[in-house]
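Data block below; observations after.
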Amino acid sequence: MREPVRAIDLLDWYDRHARALPWRVGPAARKAGLRPDPYRVWLSEIMLQQTTVPAVKSYFLDFTTRWPTVQDLAAAPDEEVMAAWAGLGYYARARNLLKCARLIAGDFGGQFPTDLDTLLTLPGVGPYTAAAVASIAFDVPATVVDGNVERVMARVHDEHTPLPTAKAILTDYAAALTPQDRPGCYAQAVMDLGATICTPRNPACGLCPWRKGCAAWDAGTAAELPKKEPRKKKPTRLGIAYLARRVDGAWLLERRPDKGLLGGMLGWPGSDWNDAPKEDPPIRAEWKALNTEARHTFTHFHLRLTVKTALVPMDRTPQRGEFIELSDFRPADLPTVMRKAFDLTQSK
DNA sequence: AAACCGTGGTC
DNA sequence: TGACCAAGGTT
């Protein structure tokens with residue numbers, strides 16, 4: 001007979017093994033009555049959407065240093081925030097981040113709502129993030145369901161239904177376990193368990209506080225759960241990027257429209273990305289293709305980008321984009337694919 | 001409701 | 001190289 005899985009056992013484990021993270025108030029301090037700043041909880045949760053903890057850390061420190069409060073962030077210019085987000089990916093998050101910050105600073109008097117329904121109305125805040133903010137910042141007993149929780153629940157219940165079909169049942173399992181006491185610590189504890197013990201590969205079941213209640217442990221199936229529907233193969237698309245350098249060192253760049261891929265970000269003028277991209281240089285010049293192409297993989301396709309360069313005189317006007325002075329140009333402000341193209345012009 | 005939306009690490 | 005994976009949300 002298997003023992004029941006209980007929140008209290010996970011909380012005891014969390015009290016001893018909680019990860020120290022820049023946005024986290026640890027279990028001891030929380031027991032003393034401390035809670036994290038809701039602004040920092042919200043900001044970290046947006047950054048952590050489909051993004052690893054190591055990738056987020058430096059961005060979180062940079063954002064909270066430059067914009068310590070939601071009012072500071074709300075007052076920041078769009079371009080500065082987009083540049084600060086560059087490299088983190090999923091740029092709609094940054095656009096929604098600003099929308100949300102301005103909404104909170106304006107309509108909400110600077111205070112984040114504490115209830116799920118209101119949180120869900122905020123741009124960029126879905127079921128996971130609403131539950132995370134409610135529980136972690138306010139100790140509302142809401143249930144977080146992220147990839148970690150799905151994996152832990154699939155294993156505890158030895159659920160073989162593949163995702164995403166299994167999402168609803170796994171959510172029910174997770175909700176049934178959420179305690180009324182210390183829901184904020186509990187939410188972080190399940191995710192810590194998934195991140196450090198109940199990992200996708202080679203789970204450390206020997207160290208798991210829930211092993212005695214885990215159906216997959218009994219069945220020996222932990223490592224193969226959760227099941228997932230097979231993914232589609234990514235097609236390869238081709239493209240051309242035009243990197244024009246003016247004789248004074250300025251670079252020709254173009255702000256991308258808010259909608260679509262890399263929306264709102266700075267980038268090199270270029271062709272569409274498809275099977276047969278058309279030549280469409282942004283300024284009259286002698287273009288030379290580099291011998292190496294920039295390769296980059298997006299969420300749903302591979303890109304092979306031909307990089308063309310040209311040196312142009314001071315008095316020539318571009319048809320698209322605008323020249324940015326060398327002193328104002330930082331490659332780190334570009335999304336990664338654009339930075340890769342730039343890096344190719346700097347090598348050798 | 002399936003498709004779209006980034007990136008870096010790992011195996 | 002390539003496939004998989006990571007604290008999802010929007011349309």
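I need the peptides A:283-289, A:197-203, A:95-101 ranked by packing, meaning the mean over residues of other C-beta atoms within 10 angstrom, with the highest value on top.
The packing order, highest mean first, is A:95-101, A:197-203, A:283-289.
Across all Cα pairs in segment A:68-158, the calculated P(r) in 5 Å bins from zero up to the longest distance comes to 3, 14, 18, 20, 19, 13, 7, 4, 2, 1 percent per bin.
Take chain A with all the other protein chains still there, run a 1.4 Å probe, and you get 50 Å² of accessible area per residue.
Across the options A:Leu34, A:Asn291, A:Ser44, the greatest Cα extent toward the positive end of the charge dipole of chain A (unit charges at beta carbon of Lys, Arg, Asp, Glu) belongs to A:Asn291. Using +1 at the Cβ of each Lys and Arg and -1 at the Cβ of each Asp and Glu in segment A:236-346, identify which of A:Gln319, A:Phe329, A:Thr306 lies farthest towards the dipole's positive end. Projecting each Cα onto the dipole axis, the largest value belongs to A:Thr306.
The largest accessible area among A:Cys205, A:Cys185 belongs to the first residue in A:Cys205, A:Cys185, and the rest follow in falling order (1.4 Å probe, all chains).
Protection proxy ranking of A:292-305, A:233-246, by the mean of other Cβ atoms within 10 Å over each peptide's residues and highest first, is A:233-246, A:292-305. Each of A:Thr118, A:Tyr59, A:Pro277 was scored by the projection of its Cα onto the charge dipole of chain A, and the greatest displacement toward the positive side belongs to A:Pro277; charges sit on the C-beta of Lys, Arg, Asp and Glu.
Dipole size of chain A about its Cα centre, with +1 on Lys/Arg Cβ and -1 on Asp/Glu Cβ: approximately 980 debye, rounded to the nearest 20. With contacts taken as Cα pairs under 8 Å at a separation of at least 6 residues, segment A:24-145 carries a relative contact order of 27 percent.
Of the solvent-accessible surface of segment A:236-346, computed with a 1.4 Å probe and all protein chains present, 47% belongs to carbon and sulfur.
In chain A, helical runs assigned H by DSSP with n ≥ 4 each contribute -39500 (n - 2.57); averaged across all residues and rounded to the nearest 500, the mean residue ellipticity at 222 nm is -11500 deg cm²/dmol. Computed over chain A with a Gaussian network model linking Cα atoms closer than 10 Å, the most mobile of A:Lys232, A:Lys212, A:Lys308 is A:Lys232.
Each Cα pair under 8 Å and six or more residues apart adds its sequence gap; the mean of these over the residue count of segment A:207-317 is a relative contact order of 30 percent. Note on A:Lys232: lysines with a C-alpha under 23 Å away, same-chain residues under 8 apart excluded, are A:Lys167. The overall shape of segment A:133-242 is oblate: from the C-alpha gyration tensor, with semi-axes ordered a ≥ b ≥ c, the ratio a/c is 1.5 or greater and a/b is no larger than b/c. Here segment A:236-346 is treated as a sphere whose radius is the Kirkwood value from Cα pairs; by Stokes-Einstein at 20 °C and 1.002 mPa s it diffuses with a coefficient of 152 µm²/s.
Can you list the lysines whose alpha carbon is less than 23 Å from that of A:Lys31, not counting same-chain residues fewer than 8 positions off? Leaving aside lysines fewer than 8 places away in the same chain, none come within reach of A:Lys31. For chain A, the C-alpha radius of gyration divided by 2.2 N^0.38 Å, with N the number of residues, is 1.17. Close lysine pairs were tallied over segment A:236-346: pairs 8 or more places apart or on different chains with Cα atoms under 20 Å apart number 5.
Couplings 3J(HN,Hα) of segment A:209-216, computed from phi: x, 9, 4, 5, x, 8, 5, 6 Hz, in residue order, whole Hz [Karplus 6.51 cos²θ - 1.76 cosθ + 1.60, θ = phi - 60°; x for Gly and Pro]. Taking A:Tyr14, A:Tyr173 and ordering them by how much accessible surface each has at a 1.4 Å probe, largest first, produces A:Tyr173, A:Tyr14.
Normalised by the number of residues in chain A, the mean separation of alpha-carbon contacts (under 8 Å, six or more apart) gives a relative contact order of 17 percent. Around the amide H of A:Lys228, modelled in the peptide plane, lie the amide H atoms of A:Leu163, all under 5 Å away and 5 or more residues distant in sequence or on another chain.
Using a simple charge model, +1 on the beta-carbon of Lys and Arg, -1 on the beta-carbon of Asp and Glu, nothing else, what dipole does segment A:236-346 show about its Cα centre, in debye to the nearest 20?
Rounded to the nearest 20 debye, it is 240 debye.
The values are calculated or read from the model by the stated rules, or taken from the named source; none is laboratory data. Note that the structure is predicted; figures quoted are calculated from it, not measured. FYI the Cβ positions are ideal-geometry reconstructions off the backbone, even for glycines, and counts take in every protein chain you see. The accessibility values were calculated without ligands, DNA or RNA, using every heavy atom of the protein model including side chains. Shrake-Rupley method; radii C 1.70, N 1.55, O 1.52, S 1.80 Å.
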